[in-house]
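Bear in mind these aren't lab numbers, they're just calculated from the coordinates by the rules spelled out. Since this is a predicted model, take the numbers as computed values, not measurements. Neighbour counts run over all protein chains shown; Cβ positions are idealised from the backbone, glycine included.
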Amino acid sequence: MLGGTAAASALAGCGGDGEGGRATARESPQAAPPGQPSSSASAAPGSSRSSSGPRALYLGTYTSAEGGGKGVGVASYDPVSGRITGRGTITGVQDPSYLAVHPDGGTLYAVDERERGAVTAVRLSDEKVLGSRPTGGAHTCHLSVHPGGRWLLSADYGSGSVAVHPIDASGALGERTDKVTHRRPAPRSGQQGPHAHQFITAPDGGHVLAVDFGTDTVYSYRLDERAGTLTEVAQAHTRAGAGPRHLTFHPGGRYAYLADEADDTVAVCAYEPWSGRLTIGRPQSTGAKADTNYPAQLAVTPDGAYAFLANRGDNTLARYAVEADGARLRLLGTVPVEGDFPRQIALSPDGGLLFAANQRSGTVSVFLVDGTDGELRLAGEPFASPVAVCALPL
């Protein structure tokens, strides 16, 4: 039960410095685009989804990009049809390119992907920005909440560092308790330094893993849950030039799946909960047919039966059957994402819907997931969202 909870929390993710004092402003709600299915649409065959009213959806963007958003997008979605309805924007957060939510559902966390990296907390009951804290690194690109709810983990792409911040009872962030820069092994030729791309908690809860694109390495740390400090316990190395980007655990906790951005592959990894050691398997196909493709992120259904991969460049979603209790991925094929450059994907909590944030087309595509065979069926026209780089369904 602990492993399942930890995995769910780790996968639930997707303003300047200074504390509090910044009330948020809500932009005018945007209407849902035409052509989306009505909320009375039937569920996909084999799906266990049932209507329970609209659910919250938060959208990450780049506020500094041309045509970008003004903050964190606020929307809702119908859990049966997948229809998205825009609700407004939480302003006061700069370049919130990745989002995560506290296990109690009360606080949203966003990266500030800027030269001076930071992380920001937003109380969801009234959408008040609780303040930002510097990570001590550059271009913070990923964050996640430890399952215990007391620590925020973040990764800085520009500086190749990872950081830990305490979370108080209100959901607000305290000053950084630890920061580690990846200096060993040396970054590969042409990388000009390490590039930490992800920092998550393993299903055992005691180990946290950092994926570094520049050093072709996944680092395993033990997190001291009292002090918020990190102790490295293991390193797992991909083949040279693979460029690992994102790691996604199987619900069973003994296997994980690694998306390698630079060489357009995925790999099944064995994981030892007692040691935190990861063993990376052989590279496998992403199913992409385009000359240039950058796999971004994998998502695994809650029952562990299927996995999906976002292919940027090929602009598809690869479908895999998960076999041998998580030890094997079998490529089933790909489907068009109906957008350009799917930067991030996420499943709804029940696994019945898959959301794809398409950066270059500024859209979020929603797919109905058939639980019997892993088929994906587009749920109406993609939803317009400026420079969409993260979709977080709650």
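Quick check: Cα centre of region 371-394 to Cα centre of region 189-214, how many Å? Cα centroid to Cα centroid, the span is 26 Å. Net charge in the neighbourhood of residue 113 (other residues with Cβ under 10 Å of its Cβ; Lys, Arg +1, Asp, Glu -1) is -3. Across the alpha-carbon atoms of region 264-385, the computed radius of gyration and Dmax are 14.4, 46 angstrom.
For residue 271, neighbours were defined as the other residues whose beta-carbon sits under 10 Å from its Cβ, and their charges (Lys and Arg +1, Asp and Glu -1) total 0. For residue 195, neighbours were defined as the other residues whose beta-carbon sits under 14 Å from its Cβ, and their charges (Lys and Arg +1, Asp and Glu -1) total -3.
Shape of region 45-184 from its Cα gyration tensor (a ≥ b ≥ c, root eigenvalues): rounded if a/c is under 1.5, otherwise prolate when a/b > b/c, or oblate? Note, shape of region 45-184 comes out prolate. The alpha carbons of region 314-394 give a radius of gyration and a Dmax of 12.8, 40 Å, in that order.
Would you work out if region 206-260 is rounded, prolate or oblate? Take a ≥ b ≥ c from the square roots of the eigenvalues of the alpha-carbon gyration tensor; rounded if a/c is under 1.5, else prolate when a/b is larger than b/c, oblate otherwise. Note, shape of region 206-260 comes out oblate.
So what is the calculated 222 nm ellipticity per residue for the chain, using -39500 (n - 2.57) for each DSSP H run with n of 4 or more, over all residues, to the nearest 500 deg cm²/dmol? Each step should come with its number before you reach the end.
Details: 1 runs with 10 residues, N = 394.
That comes out to -500 deg cm²/dmol.
If you bin all the Cα-Cα distances of region 145-257 at 10 Å, starting from zero, the percentages per bin are 15, 46, 31, 8, 0.
Calculate, in whole percent, how much of the Cα-Cα pair population of region 71-154 lies beyond 22 Å. Could you put the intermediate results ahead of the total?
Values: 936 of 3486 pairs.
Within region 71-154, distances greater than 22 Å cover 27 percent of Cα pairs.
Measuring between their Cα centroids, region 289-348 and region 218-246 lie 24 Å from each other.
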